[in-house]
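Student: Below is a structure I'd like to ask you about.
The values are calculated or read from the model by the stated rules, or taken from the named source; none is laboratory data. The model shown is predicted, which means the values in this text are computed figures rather than measured ones. Positions of Cβ are backbone-derived with ideal geometry, glycine not excepted, and every protein chain shown enters the neighbour counts. Note: areas computed on protein heavy atoms with side chains; ligands, DNA, RNA excluded. Shrake-Rupley method; radii C 1.70, N 1.55, O 1.52, S 1.80 Å.
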Amino acid sequence: MRVDTATDPTRTPFAGPGLDEIEAARAIVARVAQPTPLETSRYLTDVLGAPVILKCENLQRTGSYKIRGAYNRLSKLNAEERARGVVAASAGNHAQGVAFAARELGIHATIFMPVGVAIPKFQATRAYGADVVLSGSIVDETLRAAADFAAETGAVLIPPFDHRDVIAGQGTLGLEILDDVPDVQTIVVPIGGGGLISGVASAVKQRAAREGRTVRVIGVQAANAAAYPASLAAGEPTEIGLVATIADGIAVSRPGALNFEIIRDAVDAVVTVTEDDIARALLVLLERAKLVVEPAGAVGVAAILAGLIPAPDAAGPVVAILSGGNIDPLLMQRVIAHGLAASDRYLRLSIMLPDRPGQLARIAEILAGVNANVVEVLHTRHGNGLQLSQVELVVSVETRGTEHRQQVIKVLRSAGYDPVLEEE
């Protein structure tokens with residue numbers, strides 16, 4: 001889905017930080033954040049029909065862009081505020097960014113994380129020296145717990161996206177892109193609460209206007225957690241009900257107030273991608289670019305693969321920001337399997353067989369005849385609905401794509417079987 005916004009590319013400054021403010025933040029952020037590489041993707045270039053460059057913020061310190069905004073915000077605290085300590089709430093990347101920034105600045109940090117947070121993110125946050133408190137089953141509950149802690153203790157609450165200093169810090173990423181890809185025509189940015197895209201759009205639109213040109217900024221949300229399309233349609237930040245998504249890093253039920261103003265005025269369009277789109281994108285990034293990216297960080301690539309990003313009118317490139325790389329290995333395992341299925345490269349079939357010798361061998365022979373590699377087999381007489389004379393065979397096979405997948409099903413049916421596709 002695509003939502004276009006009414007954008008005046010010459011309008012500056014926007015509601016958020018001005019260009020001078022973002023330039024000042026750049027000098028601060030440079031103390032801890034490294035300029036991340038840009039990688040040209042031939043595969044995505046062929047898909048889009050225009051040059052596609054990946055901005056690899058998944059290779060940033062702490063594994064995401066969040067360190068930029070967190071460090072810029074904490075660096076602005078005065079001595080009295082630093083003495084009180086800071087508190088933040090996050091499912092992972094903001095937690096690590098705040099914990100790292102606090103350690104570098106000598107500030108005590110308390111981080112609230114959801115009870116079900118991925119173990120690697122929990123361990124990384126604690127390794128940076130923060131006190132980690134598990135509270136709430138979803139991030140919204142965790143945010144409330146952190147706010148209560150701040151009220152009770154006087155610790156300074158560091159918001160993940162809705163703060164001018166945070167936005168300015170994230171905007172430094174936009175300046176990097178303009179410096180390294182001066183002819184960029186479009187920048188594709190993941191959106192959760194809106195901190196990254198509001199910073200990038202503020203920096204890019206203002207500097208482009210100063211240079212007398214325009215750059216498109218397109219935001220991408222997971223369809224299961226897309227608060228911005230509803231909010232833009234309503235003309236104000238609107239809370240939505242979240243559905244489970246693998247892109248948990250951008251699962252935010254309500255846009256930030258300041259972020260919404262900037263996005264409404266400075267972002268050209270917001271598109272949404274499905275869970276299958278995201279899984280396919282992660283697989284492409286692993287196989288084609290050799291990059292480990294978390295689901296939230298891959299939504300820009302998902303939008304390109306889904307045909308939601310139009311090729312620019314001019315010959316300049318499209319830059320897709322890979323916003324983070326902190327993915328739980330167990331989740332990666334599941335996502336790869338899902339991505340293979342979504343790409344028609346993995347097939348799981350249930351086949352009812354007569355209970356007599358040779359049937360399993362016959363199925364294996366049929367699959368071998370069409371070069372379908374068997375990954376796993378389950379053979380049982382105890383399934384629900386089975387007749388006494390039947391067995392159920394559940395077979396998982398690797399396929400080479402849509403045509404091969406259809407060929408496998410067709411040849412089984414031609415042999416007299418009725419294979420039923422099972423969802424992963």
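Student: Step through the residues of region 89-94 one at a time and calculate ³J(HN,Hα) from phi using the Karplus curve (6.51 cos²θ - 1.76 cosθ + 1.60, θ = phi - 60°), rounding each to whole Hz and writing x for Gly and Pro.
Tutor: Going residue by residue, I get 10, 5, 7, x, 5, 5 Hz, with x marking Gly and Pro.
Student: Filter the GluC sites (Glu not before Pro) in region 187-294 to those in DSSP coil with at most 16 other Cβ atoms within 10 Å of their Cβ, and list the result.
Tutor: E211, E239
Student: Modelled label-to-label distance, T40 and E403, 7 Å Cα→beta-carbon offset: nm?
Tutor: Placing both labels 7 Å along Cα→Cβ, they lie 2.9 nm apart.
Student: Shifting gears a bit: With θ set to phi - 60° and the Karplus curve 6.51 cos²θ - 1.76 cosθ + 1.60, what are the ³J(HN,Hα) couplings of region 244-260 in order, to the nearest whole Hz, using x for Gly and Pro?
Tutor: 3, 9, 5, 8, 5, x, 10, 8, 10, 7, 8, x, x, 5, 5, 4, 4
Student: May I ask you to evaluate 6.51 cos²θ - 1.76 cosθ + 1.60, the Karplus curve with θ = phi - 60°, for each residue of region 341-350 and list the ³J(HN,Hα) values in order in whole Hz, giving x for glycine and proline?
Tutor: 5, 5, 8, 6, 10, 8, 9, 10, 10, 9
Student: When only the heavy atoms of the protein chains count and the probe is 1.4 Å, how do D328, D162 rank by accessible area, highest first? Kindly include the intermediate steps, with their values, before the conclusion.
Tutor: Values: D328 40, D162 60 Å².
From most exposed to least exposed: D162, D328.
Student: Skip the ligands, DNA and RNA, and give the accessible area per residue of the chain with a 1.4 Å probe, whole Å².
Tutor: On a per-residue basis, the chain sits at 42 Å².
Student: Using only Cα atoms, find the angle between the long axis of helix 195-210 and the longest principal axis of the chain, and express it within 0 to 90 degrees, rounded to the nearest 10.
Tutor: 60 degrees
Student: So, one more: Amide H neighbours of E422 under 5 Å, at least 5 residues apart or on other chains, H built in the peptide plane: list them.
Tutor: R348, L349, S350
Student: Can you list the residues, at least 5 places off or on another chain, whose amide H is less than 5 Å from the amide H of V87, using H built in the peptide plane?
Tutor: Those qualifying (amide H under 5 Å, at least 5 residues apart or on another chain) are T110, V156, L157, I158.
Student: Under a GNM of the chain (C-alpha, springs under 10 Å), which listed residue has the highest mean-square fluctuation: Q333, Q359, Q170?
Tutor: Of the options given, Q359 has the highest mean-square fluctuation.
Student: Have a look at P312, P35, P329 and tell me which one the Gaussian network model of the chain (Cα, springs below 10 Å) gives the largest fluctuation.
Tutor: In this elastic network of the chain, the residue with the biggest mean-square fluctuation among P312, P35, P329 is P329.
Student: Can you list the aspartates and glutamates whose alpha carbon sits under 16 Å from that of K121, skipping same-chain ones fewer than 8 residues off?
Tutor: D131, D248, E294, D328
Student: Most mobile of I250, I187, I240 per a Gaussian network model of the chain (Cα springs, under 10 Å)?
Tutor: I240
Student: Let me ask another. Determine the sum of side-chain charges near H163: Lys and Arg each +1, Asp and Glu each -1, restricted to other residues whose C-beta is under 11 angstrom from that of H163.
Tutor: Details: positive: R73, K76, R164; negative: D162, D165.
It works out to a net charge of +1.
Student: Based on the mean of other beta carbon atoms within 10 Å per residue, what is the order of 346-354, 105-113, most packed first?
Tutor: Output ranking for 346-354, 105-113: 105-113, 346-354.
Student: Roll a 1.4 angstrom probe over the protein heavy atoms and tell me the percent of accessible area of the chain that is carbon or sulfur.
Tutor: Percent of accessible area from carbon and sulfur atoms in the chain: 50.
Student: Where both residues lie in the chain, what percent of DSSP beta bridges are antiparallel, nearest 5?
Tutor: 45 percent
Student: Would you list which aspartates and glutamates come within 12 Å of K76, measuring only between C-alpha atoms, while excluding same-chain residues fewer than 8 positions from it?
Tutor: List returned: D165.
Student: On to the next question. Contour minus end-to-end for Q390 and L331, with contour as 0.36 nm per residue of separation and end-to-end as the Cα-Cα distance?
Tutor: 17.7 nm
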